[in-house]
1. Could you check the range 136-169 and list, in sequence order, the residues that are assigned to a helix (DSSP H, G or I) and either in the same structural domain as Phe183 (by TED's automatic domain parsing) or touching a Lys or Arg at 6+ places or on another chain (Cβ under 7 Å) (or both)?
2. Tell me, which residue of the range 40-64 that is surrounded by 22 or more Cβ atoms within 10 Å (Cβ to Cβ) and assigned to a loop (DSSP other than H, G, I, E, B) is modelled with the highest pLDDT?
3. Name the residue that is nearest to Phe183 (Cα to Cα), counting only residues in the range 18-76 that are of a type in the set (Ser, Thr, Tyr) and in contact (Cβ under 8 Å) with a residue 24 or more places away in the chain.
4. Looking at Gly195, is it surrounded by fewer than 17 Cβ atoms within 10 Å (Cβ to Cβ), under 19 Å from Gly49 (Cβ atoms) and out of contact with any strand residue (DSSP E or B) (no Cβ under 6 Å at 6 or more places or on another chain)?
5. Scan (1) surrounded by 15 or more Cβ atoms within 10 Å (Cβ to Cβ); (2) in contact with a strand residue (DSSP E or B) (Cβ under 7 Å, 6 or more places away or on another chain); (3) modelled with pLDDT of 80 or more; (4) not acidic (Asp, Glu) for the single condition Ala13 breaks and write down its number.
6. Return a yes/no flag: does the range 113-132 have any residue that is polar (S, T, N, Q), touching a helix residue (DSSP H, G or I) at 6+ places or on another chain (Cβ under 8 Å) and touching a residue at least 12 places away in the same chain (Cβ under 8 Å).
Amino acid sequence: MSYETAPDEHVHAHEAGPDDVVLVSCVQHSYEDGTAVHLCGLDFIAKRGQRVAVLGPNGAGKTTMLYHILGLMKAQEGLVRVFGRDPAEEWPEIRQRIGVVLQNVDEQLLAPTVAEDIAFSPRQYGLSEPDIAARVDRALGLLDIEKLRDRVPHNLSGGEKRKVAMAGALAMKPELLVLDEPFEGLDPASRERMGEMLKLLAGDGTTIVMATHDIDSVPDMADYAYVMAPGGQIALSGTPAEVFSAADVLAAGNIRPPVLASLFMRLREESADAPTPALNVDAAVEALIEWRG
């Protein structure tokens, strides 16, 4: 687990390692209204095949960081590298390797049917029609939305739209997936399936960077997490178990731990021999049975 260092102690990575798909190092951005975001403190690094969650309160800079990763904003100070390139300057060289689902998915749905929407990017890149058809079928299957194939995207529910946008992002078989609130509007079963799909993709080498408020899903959805404090400071990083054990840092960022983590913290307040926090139901049941002896 890593904590933010003092400003004069911060050492920029400045170069991404061979397995570092994304690197964000002490980036500063000022908006037209004068709002300044300093993505400093710890360097943000996402490695190949890693599922990385970005946590923080509203206004902490989560979306600002995603926009820098996608080249939609250019760093006024600091360093951003994606596949070793500056995304703001070299986006055409890397865009086929990146899939994106932003929070407002309505802006990403362009075609008259779901199948045509998923086929949009592969067709724009000149893939053959048989290849496009195979990619559409694969994406529909991954999201379990074959029944939506001929539906009009803008007539779908919010959760269905998010699945279609995700299917469109997966159609190009990206090496990096950038997701802003990927679980918003999904029912529990769909959230679980989404998590299983992201784990499968990561196992095949896809890197996943997701900003989310869905704290309870993070232990199952992410291998690593970064906590952002108000103003953009990257204050803490580690595995979900490590991050959710740092109650003081979470409280400072107005982030509540997952329900299970809170339960075990309360148990340890009441009894010194209570088990260490478990972040999923199976581990919690096992820990409590063993504790009861």
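1. Leu140, Leu143, Pro153
2. Restricting to residues being surrounded by 22 or more Cβ atoms within 10 Å (Cβ to Cβ) and assigned to a loop (DSSP other than H, G, I, E, B), the top hit is Asp43.
3. Only one residue fits best here, namely Thr63.
4. no
5. With (1) surrounded by 15 or more Cβ atoms within 10 Å (Cβ to Cβ); (2) in contact with a strand residue (DSSP E or B) (Cβ under 7 Å, 6 or more places away or on another chain); (3) modelled with pLDDT of 80 or more; (4) not acidic (Asp, Glu) applied to Ala13, the lone miss is (3).
6. yes
Residue-wise test of (1) aliphatic (A, V, I, L, M); (2) assigned to a loop (DSSP other than H, G, I, E, B); (3) in the same structural domain as Lys47 (by TED's automatic domain parsing); (4) in contact with a strand residue (DSSP E or B) (Cβ under 7 Å, 6 or more places away or on another chain).
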| site | (1), (2), (3), (4) |
| --- | --- |
| Asp131 | no, no, no, no |
| Ala134 | yes, no, no, no |
| Val178 | yes, no, yes, yes |
| Ala189 | yes, no, yes, no |
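The values are calculated or read from the model by the stated rules, or taken from the named source; none is laboratory data. Predicted model only: the values in this text are computed from it and were never measured. All Cβ positions, glycine included, derive from the backbone under ideal geometry; neighbour counts span all protein chains shown.
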